[in-house]
1. Can you name every residue in region 28-77 that is closer than 16 Å to I17 by Cβ, in contact with an Asp or Glu (Cβ under 8 Å, 6 or more places away or on another chain) and not β-branched (V, I, T)?
2. With the requirement that a residue be open to solvent by less than 40 Å² (accessible area, probe 1.4 Å) and touching a strand residue (DSSP E or B) at 6+ places or on another chain (Cβ under 6 Å), what does region 94-112 give you?
3. Does region 78-93 include one or more residues that are farther than 24 Å from K123 by Cβ, crowded, with 17+ Cβ neighbours inside 10 Å and modelled with pLDDT under 95?
4. For the condition among the acidic types (D, E) and within 24 Å of E38 (Cα to Cα), what is the one hit in E73, E100?
5. Please state which one of L16, L70 is in contact with a Pro (Cβ under 7 Å, 6 or more places away or on another chain), farther than 17 Å from F118 by Cβ and surrounded by 10 or more Cβ atoms within 10 Å (Cβ to Cβ).
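The values are calculated or read from the model by the stated rules, or taken from the named source; none is laboratory data. The structure displayed is predicted, hence computed values, not measured ones. Reconstructed Cβ throughout: ideal geometry from the backbone, glycine too, with neighbour counts over all protein chains shown. Keep in mind that these areas ignore ligands, DNA and RNA; they rest on the heavy atoms of the full protein, side chains included. Shrake-Rupley method; radii C 1.70, N 1.55, O 1.52, S 1.80 Å.
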Amino acid sequence: MKFSYSKAEKLKSRKLIESMFVEGKSVGVFPLRLFYLELPETERVPFKTAVSVSKKNFKSAVKRNFIKRLLRETYRLNKPQLPEGSSKKYALLLLYVGKETPNFHDMEKTMKALFSKFLQQTKN
């Protein structure tokens, strides 16, 4: 079990992020929404991930950054739930849509539920 979140796993391509909103699919468990798009098989890592928090809901950059750190940490710890050996590779965008500042335990429960919903949807 590898609990790292390396540079290669971070989604930074603006074009890919924009195409996720247009062509990609989404799954949600309040207060999280996961947008995903299948990547070509040439990628080195099974998942490329980005996190985002709305500036509309959280005006303070300090709060937005706190929530993004929390999202990245819960993703890093729950990443082993996702199948790494599969032939399909995905770009993931975790979007926090709630209006309240979350705590770690609630975020972790939500992340686990979101990943199980994502796995069910991608199996079909």
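1. Answer for region 28-77, where residues must be closer than 16 Å to I17 by Cβ, in contact with an Asp or Glu (Cβ under 8 Å, 6 or more places away or on another chain) and not β-branched (V, I, T): L37, F47, K48.
2. Correct list: L94, L95, Y96, T110.
3. Among the residues of region 78-93, not one is farther than 24 Å from K123 by Cβ, crowded, with 17+ Cβ neighbours inside 10 Å and modelled with pLDDT under 95, which makes the answer no.
4. Being among the acidic types (D, E) and within 24 Å of E38 (Cα to Cα) holds for just one of E73, E100, which is E73.
5. Testing whether each residue is in contact with a Pro (Cβ under 7 Å, 6 or more places away or on another chain), farther than 17 Å from F118 by Cβ and surrounded by 10 or more Cβ atoms within 10 Å (Cβ to Cβ) leaves just L70.
So that you can scan it fast, the table gives a plain yes or no per residue for (1) part of a helix (DSSP H, G or I); (2) farther than 21 Å from K59 by Cβ:
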{"residue": "L70", "(1), (2)": "yes, no"}
{"residue": "E73", "(1), (2)": "yes, yes"}
{"residue": "R76", "(1), (2)": "yes, yes"}
{"residue": "P83", "(1), (2)": "no, yes"}
{"residue": "H105", "(1), (2)": "yes, yes"}
